[in-house]
Structure formats: structure tokens, C-alpha cells
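Notes to accompany the following structure.
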Amino acid sequence: MKKASLIEYLSYWLIRCFSLVVIASPPKANFILGRALGISGYYLLKKKRNLALKNLKTVFRDEFEYWQIERIAKKAFISLALDIIEALYIPKIDSRYINKHIRIENLKFLDEALKKGKGAILLAYHLGNWELSNITCSLEGYDYKVIVNEQRYPLLNELLNRYRQSKGCKIIPRGMALREIIKALKSNQVVAMAGDQGGKEGYLSEMFGLPISTPSGFLRFALNTHSAIIPAIIVRERRFYHRIILEAPLEIQGKDSREALENCLRKSNAILERYIREYPQEYFWFYKIWKYSPFKNVIVLSDGKAGHLRQMEALERIVGGLGLTVYSKIIEIRFKNRLAKILANVCAGFGLDIFELCVREESYLALRRASADLVISCGASLAGLNLAIARDNLARSVCVMNPGIAGRRRFDLVIMPKHDGSRQRKNIVITDGALNLIDQDYLDRQTQGLLEAIIPDKALNNSMALAIGSRTIARGLIGVLIGGDTKKYKLTQRLIAMVSSQIKKAASDLGMDILLTTSRRTPRKAEETIKKEFGGLKECPLLVIANERNIPQAVGGILGLCECVVVSGESISMVSEAAASGKYVLVFRLKGTYLGKEGRHERFLRNLESEGYVRIIQPENIADKIKELIRDRPPIKKLDDRAKVKEAMKKLL
């Protein structure tokens, strides 16, 4: 005998013995036992608990606090355990038990439907003890059949079916359903069908404002046999006392079969949603409810660095391009202090999750309330937290850039630039540059946003802004993106003076104009030099000093408008954006403050130059190079890593 068969055989006899204990015990003892099993399951079955919490957060995150969602999940475990106890008690259940413990409302809907001689379809849901509702209908004297899915273990499946049939409930296996269902309905019998959990073959309808796979077969049978469709709900009122509610038959309305189907499913889901809101602990939250729905909840973990956030937003946009609806939430993570951050990441490297102790309360609560199918982080600082949140949400984990001590193998996907020195692996995608949002649509929108921002500004040259806005300007444009100091690079006054001189010379010689923006990292002395060189200059209609008056669309707008762009080389993100714009890109290096072997920035620039995306230039040669490019118009090679990343994300999701 195979090991799996032995386990199944032992499980079967264990459940049989446990059933004898349940049957022999008084209701109060069974209630205490069921409650104890439910609470134990909540704490011991971590994967099922996390799945229930994820589903509940998806539905109720805007209505309940996290502690309330936890309480509902715990009650759902208890309710399920009591359902199991009652299922094992079925051999002892009779009409007298039904009359005492179950109250049925609106039974007239079923009786009126059967008077028409067309049979009735009871639409049952995974809410409350649906097994008890099945045998109730049989014990009440109705000729009743139920469509059932085969359980994973044949012996247990046989035991459950034997319990059902012992109370007069006839079984129709799902794979053999078609003829038997039609025959039963035409014989004026009652057939129970599932109204939720549509699975892979279900029809997409809506519940809780989200698309959800819903069974649609019941409508086809109703149209074929003219049977009434009656939604049936069972809820636990207290201990082992229940209430069965029959809703009014669903009206089938629509100009064609598709519209009729959509209207019917919408009404059915609205009924189910109403009862779930009233009795959330009664629903079966322990399966992947939205597995076959075309949307993904995405959590973006932000460390506060703008460059990292832009890369993650670019990845989020790629996910949206897969034909999925993306519901994203950006959560900024703030640690209590620097030591807490170091300690959390070191422990994460060993698989230990202590982030609850290390992050600030507002960040922790935001993480707990969020539901995720995909968790995205950038760099090493939040890689361990990414893994922890993905594990709690049974979600996919994606890290942009090197995850550091957290380890690359532990992620579902790592998107790493070539200059980080990783090898291509099954879960690693190698990119030439940093992920970014740049495409033609983005450039057009950023350009429009920039023009809208500068035209009303009296401090700027409005005639030039209007000329740019109308696209009638005859003079070409040179874009200048100035970064600033980092740990390894310094933007000196001498360097910025040389660059400024060269750009002005090129603009003058070519009859072009200059659009320039600094960044928030630009040092104050460099800003003073830039204002001295370009402030009031006729050939510079746009000068943005980010630390004084930042325009969010400045970088994208400049990339969209200019023919040639000069970029400082300390920012991998900014250089990657420029290289992806489809313009001539000149990069000048800043003064390095590091010693030793070639750094990642140098490898990055060298890789882009060798691939032909950018041209690395000495500051004193900028003017000559700009004039050469504008004169000769060589082909432009545009950086675009999106295709390979999109393919990897498609396989992942």
C-alpha cells in the first residue's frame, strides 16, 4: 500500500472514531469541543489563517480595523469547526432535531415553484453549514438532489456521501451532472447547485466591487427547463441553532442570453454579499476566492527614495500591461531608529521576522491592513520585509535591484541591472539600466504637464513657453538634467561652471535653446552657479531650481521636448530615464570620492556606453559633441528593458 493511501486509510478511521465520540456526546460538550478545535486551528494552521485574513482584508480593509478582521477570522475558524462537528453528527439528525434546531423562512417560494411542475433550483452558497441545509430539505419531505464535487480522498468522500444519502439526499457527481439534472428538474424535483466559487470555468461577475468567478451553469438549466432559481442561505444564530432563508426567485431578464446571465449573476452575488456583510464569520474564507479574477492587489514598499519608488512604479505599470486590473498601495516604511533597521534586515537574512518590533506603528498597521497578491520592494533595505509580507499574504515577492542579505533565491523574481554583477537565473532578470516609466505616452503627458505648469508663471519667459506649447518653435532644444552629491560623488562648482559654459556655447553656435532642471540633491553652491550662468539668459526659457520651486513634470517634460540631453552621471535612475527617452544622451562624470576598484556606477555607465545608449563625455568636450550629434544625426538606440521584464512577470502571475 502506498504511503498516501495508508495516510488516507488512517485518516478515515480516525474520523470514524471521532464521529462516534461526537454522536455520543451531548450538544454542550460538542459545542465546547468545536470551539476548542476552531481556536486551535486558527493558531496552528498558519497558511489557512493567512489566506482567511487576506480574503477578509480584500473585502473589509476600508470598513474594519485589523484587530476586527482578526476577530472575524477567528470566529470563521470556530464556525467551520462547528460545521464539521455537525457533519459528523448527521447520522443522529432526524426530523425532530431539524424542527428544534433549524428555522426556515420563506418556504412558500419553494412550494409555489414546485406547484408549477417545472422543478426548482436551490442556489446554495459556501455560507453557514451548507451540509446541514442539504439534509434539511430532504428531511422536510422534498425530493431533493445535490450536485457535489469529488473530494480529494475517496474514502472520506464516500463517507460524506453515505451520510448525505442516509437522510434522503440524492447525490449527482459534478462530472455526470447534465442529463440527471435535466431529468430531475423535468420530474419536478429540487436540485441544489453552487452559487459561488466558479473556479477556472466560471463567469466573471462582480461582488464587493471586485470581479469574481461565479458559476453560471444553473442559469442554463433554468432556461432549458423553465425552473425557478431560488437563492438559499443558512446562517448560525447561536451554538447549533440555525436559520435557513429562501430569497425570492431570481428573475431572468435581458435582451439576450448574455445580458440575462450577467443580470442574474449580479443579483445572486448581491444577495450573497448582503449576507456576508451581516454574517462575515459564516463565510468559507479558506480558499483563494479571487484566484481566477483579472485583478491583482499590489503592495509597493517605499524606503522614501524617489529613484527607488519610480522603478517600482514602472514595474507596477508593466503588471498593468498584462491585461490585469491593478489595485496598488504604496506604503512608506519608517523604522524606529537606525539600529532597528539594521537588526531587522540582519534577522531577515536568517529568515527571522522581527519587523513588528522594528518599524513604527503607523507603518506596521498599514502593512497589516493591506491585502497583497504581489509585493514589490527596491534594494536591500526592505527586502526582508518584502519576504515577510509576501509570506503572510501568500503573495508573490519581487525585488528590484540587489536584495542583499535577504538572498536572491528566496524571491519569486529579482530584477537586477547588469552592473550589479548577477548571473541570469530562473528567478532573476538582468536589465541594462534601472526600470523607469519612460515611453512615448509618458513623455507626452509629462510634456503637457510641464507646459501647463510654466505658461501661467509670470516669472518665466511666457512667449517662449507659449511657443513651446504650440510646437511652432523653430529653434531646437537642449535639455540639461543636473543631479547632485551622493556618498561617492561630488558636484563641484568648478565642474558645474565648465558644464554650463559648454552648454551655452553649443546653444549659441547652433541657435538652440536650453531647458534645465536641478534635483533636490543639488548642493546650494552649485545652484548659485547655475542661477548665475543661466538666470535671465534669453536662450534658457526654462530654469527649474528644485529646492526652490520644483515642477514634478520637469524631467519628463524636458526629455519629451529636447533633441539632445546632457545628464550628470551620478544617478543611475536619471541616466536610465534619459537613455530610454529616444534622444541623444551625453553623460558627464562627477568627481569621485571613493578609492579602489571600479564601482557599480562606473560599470553601469560603461555598459550603457558599450551598448550605444549614451555617450560618456569629458566636460570640456560637451559643446563639440552636441554640435557633432545635431549635425550628423546618427541613429539613436533607445534603452528598453520592459519586454524582458514583462515576459518574466507574465510567467510569474
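The values are calculated or read from the model by the stated rules, or taken from the named source; none is laboratory data. Given the structure is predicted, the values throughout are model-derived calculations rather than measurements. Neighbour counts are summed over all protein chains in view; Cβ atoms, including those assigned to glycine, are modelled from backbone coordinates with ideal geometry. The area values use the complete protein model at the heavy-atom level, side chains included, leaving out ligands, DNA and RNA. Shrake-Rupley method; radii C 1.70, N 1.55, O 1.52, S 1.80 Å.
Some notes on this structure:
- Residue among 606, 521, 600 that alone is more than 25 Å from residue 620 (Cβ to Cβ) and open to solvent by 10 Å² or more (accessible area, probe 1.4 Å): 600
- Any hit, the range 252-263, residues being closer than 30 Å to residue 75 by Cα and surrounded by fewer than 19 Cβ atoms within 10 Å (Cβ to Cβ): no
- Tally, over the range 496-517, of residues that are part of a strand (DSSP E or B) and out of contact with any Phe, Trp or Tyr (no Cβ under 8 Å at 6 or more places or on another chain): 3
- Looking at 49, 71, just one residue is open to solvent by 60 Å² or more (accessible area, probe 1.4 Å) and not hydrophobic (A, V, I, L, M, F, W, C), and that residue is 71.
- Scanning the range 165-202 for residues that are under 41 Å from the mean Cα position of the chain (by Cα), closer than 18 Å to residue 232 by Cα and not β-branched (Val, Ile, Thr) gives 192, 193, 194, 195, 196, 197, 198.
- Residues that are more than 29 Å from residue 30 (Cα to Cα), surrounded by fewer than 22 Cβ atoms within 10 Å (Cβ to Cβ) and not aromatic (Phe, Trp, Tyr) within the range 82-128 comprise 106, 107, 108, 110, 111, 112, 114, 115, 116, 117, 118, listed in sequence order.
- Residue match in the range 371-388 (condition: closer than 27 Å to residue 294 by Cβ and open to solvent by 10 Å² or more (accessible area, probe 1.4 Å)): yes
- Checklist (1) more than 12 Å from residue 481 (Cβ to Cβ); (2) out of contact with any strand residue (DSSP E or B) (no Cβ under 8 Å at 6 or more places or on another chain) applied to residue 573, failing item: (1)
- Check on residue 79, open to solvent by 50 Å² or more (accessible area, probe 1.4 Å), part of a helix (DSSP H, G or I) and at pLDDT 95 or above: no
- The set of residues from the range 139-155 being in contact (Cβ under 8 Å) with a residue 40 or more places away in the chain and either out of contact with any Asp or Glu (no Cβ under 7 Å at 6 or more places or on another chain) or under 21 Å from residue 93 (Cα atoms) (or both) comprises 139, 140, 142, 143, 144, 145, 146, 147, 154.
- Matching entry among 204, 159, 155 (being open to solvent by 30 Å² or more (accessible area, probe 1.4 Å) and modelled with pLDDT under 85): 155
- Where residue 555 falls short, out of the listed (1) more than 22 Å from residue 629 (Cα to Cα); (2) among the hydrophobic types (A, V, I, L, M, F, W, C); (3) touching a residue at least 60 places away in the same chain (Cβ under 8 Å): (1)
- In the range 206-231, the residues that are free of Cβ contacts under 8 Å to residues at least 24 places away in the same chain reach residues that are part of a strand (DSSP E or B) with C-beta atoms within less than 6 angstrom, at least six apart or across chains, in these pairs: 215/194.
- Out of 644, 637, 583, one residue alone is open to solvent by 30 Å² or more (accessible area, probe 1.4 Å) and either touching a Phe, Trp or Tyr at 6+ places or on another chain (Cβ under 6 Å) or aliphatic (A, V, I, L, M) (or both). It is 637.
- Sole exception among (1) open to solvent by less than 70 Å² (accessible area, probe 1.4 Å); (2) over 30 Å from residue 292 (Cα atoms) for residue 618, by number: (1)
- Going through (1) part of a helix (DSSP H, G or I); (2) without any contact (Cβ under 8 Å) to a residue 40 or more places away in the chain; (3) under 28 Å from residue 64 (Cβ atoms) one by one, residue 368 falls short only on (2).
- Some residue of the range 32-42 being without any contact (Cβ under 8 Å) to a residue 12 or more places away in the chain and basic (Lys, Arg): no
- Residues of the range 140-152 satisfying the condition of being open to solvent by less than 40 Å² (accessible area, probe 1.4 Å) and not hydroxyl-bearing (Ser, Thr, Tyr): 145, 146, 147, 148
- Residue 234 vs. criteria more than 35 Å from the chain's Cα centre (by Cα) and open to solvent by less than 10 Å² (accessible area, probe 1.4 Å): no
- Pair list, Cβ under 7 Å, 6 or more apart: the range 619-642 residue acidic (Asp, Glu), other residue buried (at least 19 other Cβ atoms within 10 Å of the Cβ): 620/502; 640/580; 641/431; 641/432; 641/433; 641/435
- Selection of the range 335-345 for residues being over 19 Å from residue 397 (Cβ atoms) and open to solvent by less than 70 Å² (accessible area, probe 1.4 Å) yields 335, 340.
- Summed over the range 162-176, residues that are modelled with pLDDT of 80 or more, closer than 25 Å to residue 5 by Cβ and assigned to a strand (DSSP E or B) total 1.
- Selection from the range 240-263 of residues that are farther than 16 Å from residue 113 by Cα and not in a strand (DSSP E or B): 240, 253, 254, 255, 256, 257, 258, 259, 260, 261, 262, 263
- Where helices (runs of 4 or more DSSP H) sit wholly within the range 558-653, those with at least 1 residues that are under 30 Å from residue 509 (Cβ atoms) and at pLDDT 90 or above occupy 572-579, 600-611, 622-632.
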